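Taking it in order: structure first as structure tokens, then the write-up.
The values are calculated or read from the model by the stated rules, or taken from the named source; none is laboratory data. Here the structure is a predicted model, which means the values were calculated and not measured. Every residue, glycine as well, gets a Cβ built from its backbone with ideal geometry; the counts of neighbours run over all protein chains shown.
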Ligand code: HEC
């Protein structure tokens, strides 16, 4: 019994140290990749906005940008591994609440992915008024996540 307990405790120790190694992630690299990810969706979003501001928006271009955002959207949660928040000491606009309120953050990410997909589908139909509406809805999901989970000073 005593031996088994020691063995179990030893196994637990190994597990703990393995987890410790897994969390010793390179936070600077994660944050850099995360910024690249957001620029990867920010650029096409800005391009759609510019296109929609023209008197004759190039719908074919908007379709490409919307498809890129839709494809990237499901990758958003993976940009926020545990240990890549402000406690890492790396300069980041990610608030600790991302990890403190995981259900809320997941909902914000899901709303964004749903809106990105809806925009992608809508652009395929080519109706500019409908595209404007779907793009507005997408922008609302960026804003609501930023309002709750991103530091103001990191714009
Ligand atoms: C579920 C939450 C969430 C959604 C949805 C979201 N963002 Fe963000 N975004 C963040 C967080 C958190 C950061 C801060 C990341 C950091 O600094 O590490 C950020 C940062 C950014 C940045 C700055 C990157 C940098 O280099 O500092 C841009 C640009 C950006 N987001 C654009 C967008 C756009 C455009 C959308 C919608 C099409 C969007 N985001 C949707 C959470 C979100």
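Those residues that are assigned to a helix (DSSP H, G or I), more than 7 Å from the ligand (Cβ to nearest atom) and either more than 13 Å from the chain's Cα centre (by Cα) or surrounded by 14 or more Cβ atoms within 10 Å (Cβ to Cβ) (or both), I need them from region 140-153; list them, please.
The first filter runs over region 140-153 and keeps only residues assigned to a helix (DSSP H, G or I), leaving 140-149.
If we keep only those that are more than 7 Å from the ligand (Cβ to nearest atom) as well, we get 140, 143-144, 147-148.
Hits for region 140-153 are 140, 144, 147, 148.
Look through region 87-109, keep the residues that are more than 9 Å from the ligand (Cβ to nearest atom), surrounded by 15 or more Cβ atoms within 10 Å (Cβ to Cβ) and under 16 Å from the mean Cα position of the chain (by Cα), and return whichever of them is farthest from residue 27 (Cα to Cα). It would help to see each step written out before you state the result.
Filtering region 87-109 down to residues more than 9 Å from the ligand (Cβ to nearest atom) leaves 87-89, 96-97, 99-104.
If we keep only those that are surrounded by 15 or more Cβ atoms within 10 Å (Cβ to Cβ) too, we end up with 88, 99, 101.
Then keep just the ones that are under 16 Å from the mean Cα position of the chain (by Cα); that gives 99, 101.
Numbers: 99: 15, 101: 20 Å.
Once the filter is applied, the top-ranked residue is 101.
Of all the helices (runs of 4 or more DSSP H) wholly in region 1-112, which have at least 3 residues that are in contact with a helix residue (DSSP H, G or I) (Cβ under 7 Å, 6 or more places away or on another chain) and at pLDDT 95 or above? Spell out the reasoning first.
Working: elements: 2-23, 27-52, 59-72, 97-100.
Helices (runs of 4 or more DSSP H) meeting the threshold: 27-52, 59-72.
Within 11 Å of the ligand (Cβ to nearest atom), surrounded by 13 or more Cβ atoms within 10 Å (Cβ to Cβ) and either touching a residue at least 60 places away in the same chain (Cβ under 8 Å) or under 15 Å from the mean Cα position of the chain (by Cα) (or both): is that true of residue 76 in this structure?
On the way: within 11 Å of the ligand (Cβ to nearest atom): yes; surrounded by 13 or more Cβ atoms within 10 Å (Cβ to Cβ): yes; either touching a residue at least 60 places away in the same chain (Cβ under 8 Å) or under 15 Å from the mean Cα position of the chain (by Cα) (or both): yes.
Taking the combined requirement at face value, the residue satisfies it.
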